[in-house]
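**Q** Structure below; questions to follow.
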2 protein chains.
Amino acid sequence: MIQVLIYFIGTAGSGKTYLTKAFADWLDFKNLENIIVNLDPGAENLPYSPEVDIRDYFTLEDVMLNYGVGPNGAQIISADLISTKIGDIKDEIDYFDVPYVLIDTPGQMELFTLRQSSNLLIDFLGRDRSVMVYLFDPVVAKTPSGFLSLLFMASSSVFKLKLPQIQVLAKSDILEDYEVERIVEWSDDPETLFDDLGREVSNIKNISGELFYMLRDLGLFRTLIPVSAMDSTGMEDVYDGIQEIFYGGEDLERILY
Amino acid sequence: MIQVLIYFIGTAGSGKTYLTKAFADWLDFKNLENIIVNLDPGAENLPYSPEVDIRDYFTLEDVMLNYGVGPNGAQIISADLISTKIGDIKDEIDYFDVPYVLIDTPGQMELFTLRQSSNLLIDFLGRDRSVMVYLFDPVVAKTPSGFLSLLFMASSSVFKLKLPQIQVLAKSDILEDYEVERIVEWSDDPETLFDDLGREVSNIKNISGELFYMLRDLGLFRTLIPVSAMDSTGMEDVYDGIQEIFYGGEDLERILY
């Protein structure tokens, strides 16, 4: 059986943890076996019980006490400490032997995407069968400049982690319908984003329409999938996106079993 | 007297705090009056005594206790709480009435660049006389993919904060000379970055030479300034960069006084 690893990645507060749970629930509902791996040593009040949990090895609190540092320092040290537990984490994941492994990453995106330990982890767990779901924070994505800013962040994580990426608009339930439509339109049609950006800001130098056509041509613009952990919006689309990446549209089940 | 506000921005661990201090020391040495504003409520062991300090209003510890949350939650709440202290911070800064205000931002870059409170703060303190110094983490910048990843992060902050940006290679002293030269060459000549990236990674789809020419044409590639807080490398170049932005190369002093 081939196992697929799905990393949920996004900026602090974008809703990674609740999306991870919602996707696990949806897989359960479809009778698709899965486990959740919590990689955030500072996680509090998780809405799920992770089958594998970095907090079994150390917590942010432990690191603060043991290294005599505050939260900021502890987060950086923790990010690097994860790499010392890679073997244990892999053993635990292997023990479960399920087709879907959902990985909830640390709260601050930059601590996961920019530290070398993340690439070590991805390599060790199996890069070729890994994919990332990148969450756009709905509040930030509402403005043209915010959307573009998140698009650059998403591109940054593609180049650093070197994984295929599915882009989702998180917590779409907190937005009005017309807002969701407009954001998805930006992701579909760079020209509308360019027009709206021009109306929002006038003092940015060096903006040209070419930027948008180029980003589109490069495939860095992708159609955003609106998702909601509240009402399970978009879960099937995320699942289909994963199939598409690994099997070019064929259903994973038919190929794996 | 016109006051210039300089925001030091970079990912966690990139060395914002030490660069802020080094630049303040250099300004002191040049008899240019300045103050430091610490905006990180979780700052520990600061190497300088800030004239204005968000910790006088609240600390990360306070927020953890008062809101009953852990470090992750407290950082997000803190980022938003800063906006409630904008008036007080401005009053304090105005009291000092110096030409250079150096602003050391919170540890995690995304907490500053992506939260709306930062734009409120920048507006309130004076957007037109503000500039950001963006730090490239030297360890991440060493590989072509890491460099490109940081370039996207830098571009992300330009679009979200809408401030002119000076890009520096932080802690250049921990790199070998040839590494610094190569990184600066990447920032100068997208073609060399493209070549080196092709050698590093083969599995990234959609990379094309056009991306690099586009980024260059848009001015998102800038010549990186290697800096070091250890030996004050690059401080004059940063200063010159600031003059260039506000006065097109004229010295600030000659215009302001």
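**Q** Across peptide B:62-71, how many C-beta atoms of other chains are within 10 Å of each residue C-beta, on average?
**A** Across B:62-71, the average partner-chain Cβ count within 10 Å equals 3.
**Q** Work through the residues other than B:Ile225 whose Cβ is under 12 Å from its Cβ and net out their charges, Lys, Arg +1 and Asp, Glu -1.
**A** -4
**Q** Okay, moving on. Short version: which residues of segment A:102-117 lose at least 50 Å² of accessible area, all chains versus chain alone, 1.4 Å probe?
**A** A:Gln108, A:Glu110, A:Leu114
**Q** So what are the radius of gyration and Dmax for the Cα set of segment B:41-100, in Å?
**A** 12.9, 40
**Q** Hey, which of these cross-link pairs are over 30 Å Cα-Cα: A:Lys21/A:Lys85; A:Lys16/B:Lys162; A:Lys90/B:Lys16?
**A** Cα-Cα > 30 Å for A:Lys90/B:Lys16; rest within.
**Q** Per-residue Cβ counts within 10 Å, from other chains only, averaged over B:143-150: what number is that?
**A** Mean shielding count: 5.
**Q** Cα centroid distance between segment A:73-116 and segment B:103-169, in Å?
**A** Segment A:73-116 and segment B:103-169 have Cα centres separated by 26 Å.
**Q** In square angstrom and rounded to 100, what buried accessible area do you get between chains B and A, total over both, with the probe at 1.4 Å?
**A** The B and A chains share an interface burying roughly 4300 Å².
**Q** Rounded to whole angstrom, how close does the nearest chain A beta-carbon get to the axis mapping A onto B, and which residue is it?
**A** Closest Cβ to the A-to-B rotation axis, residue and whole-Å distance: A:Pro71, 2.
**Q** Sticking with the crude label model, points 7 Å out along Cα→Cβ, report the distance from B:Glu191 to A:Glu200 in nm, one decimal please.
**A** If labels sit at B:Glu191 and A:Glu200, their model points lie 3.6 nm apart.
**Q** Give, in nm to one decimal, the length gained when the segment between A:Glu44 and A:Asp231 is fully stretched (0.36 nm per residue of separation minus the Cα-Cα distance).
**A** So the chain would gain 65.1 nm between A:Glu44 and A:Asp231.
**Q** Seen from all sides and averaged, what is the projected area of the convex hull of the Cα atoms in chain B, in nm²?
**A** Over every viewing direction, the Cα hull of chain B projects on average to 14.4 nm².
**Q** Given a 1.4 Å probe and the protein chains all in place, what does the accessible area of A:Glu185 round to, in Å² to the nearest 10?
**A** Number for this one is 90 Å².
**Q** Please give the per residue accessible area of chain B, computed with a probe of 1.4 Å over protein heavy atoms only, in Å².
**A** Spelled out: the 1.4 Å probe surface of chain B, per residue, equals 39 Å².
**Q** For chain B, which whole percent of the accessible surface, found with a 1.4 angstrom probe, sits on carbon and sulfur atoms?
**A** That share works out to 47 percent.
**Q** Quickly rank B:8-16, A:138-146 as a protection proxy: mean count of other C-beta atoms within 10 Å, highest first.
**A** B:8-16, A:138-146
**Q** Students often forget the sequence filter, so: which aspartates and glutamates lie under 15 Å Cα-Cα from A:Lys30 once same-chain residues fewer than 8 apart are removed?
**A** A:Glu236, A:Asp237, A:Asp240, A:Asp251, A:Glu253
**Q** Can you compute the FRET efficiency between B:Leu32 and A:Glu244 using 1/(1 + (r/R0)^6), with r the Cβ-Cβ distance and R0 = 56 Å? Round to the nearest 0.05.
**A** 0.45
**Q** Inside 10 Å of the C-beta atoms of B:186-198, what's the mean count of C-beta atoms belonging to other chains?
**A** 0
**Q** So, counting K/R as plus one and D/E as minus one, what does the shell of residues with Cβ under 15 Å around A:Asn45 add up to?
**A** Value of the local net charge: -2.
**Q** Order A:Phe159, A:Phe194 by their accessible area, 1.4 angstrom probe, all chains in place, largest first.
**A** Per-residue accessible area, sorted high to low, gives A:Phe194, A:Phe159.
**Q** Here's a follow-up. Taking 30 Å as R0, compute the FRET efficiency from the Cβ-Cβ separation of B:Glu61 and B:Ile2 and round it to 0.05.
**A** In this case the efficiency is close to 0.20.
**Q** Sticking with this one: What distance in nm separates the simple spin-label points at A:Arg129 and A:Asp97, each placed 7 Å from Cα in the Cβ direction?
**A** Reported label-point gap for A:Arg129 and A:Asp97 is 1.3 nm.
**Q** Let me ask another. Equivalent ellipsoid semi-axes for the protein assembly as shown, as square roots of 5 times the alpha carbon gyration tensor eigenvalues: give them largest first, rounded to whole Å.
**A** 37, 26, 22
**Q** Check which residues have an amide H placed less than 5 Å from A:Ile166's amide H, if you skip close sequence neighbours.
**A** Amide H neighbours of A:Ile166: A:Met132, A:Val133, A:Tyr134.
The values are calculated or read from the model by the stated rules, or taken from the named source; none is laboratory data. What you see is a predicted model, and the numbers here were worked out from it, not measured in a lab. Note: ideal-geometry Cβ built from the backbone for every residue, glycine included; neighbour counts use all protein chains shown. SASA here: full protein model, heavy atoms, side chains in, ligands and nucleic acids out. Shrake-Rupley method; radii C 1.70, N 1.55, O 1.52, S 1.80 Å.
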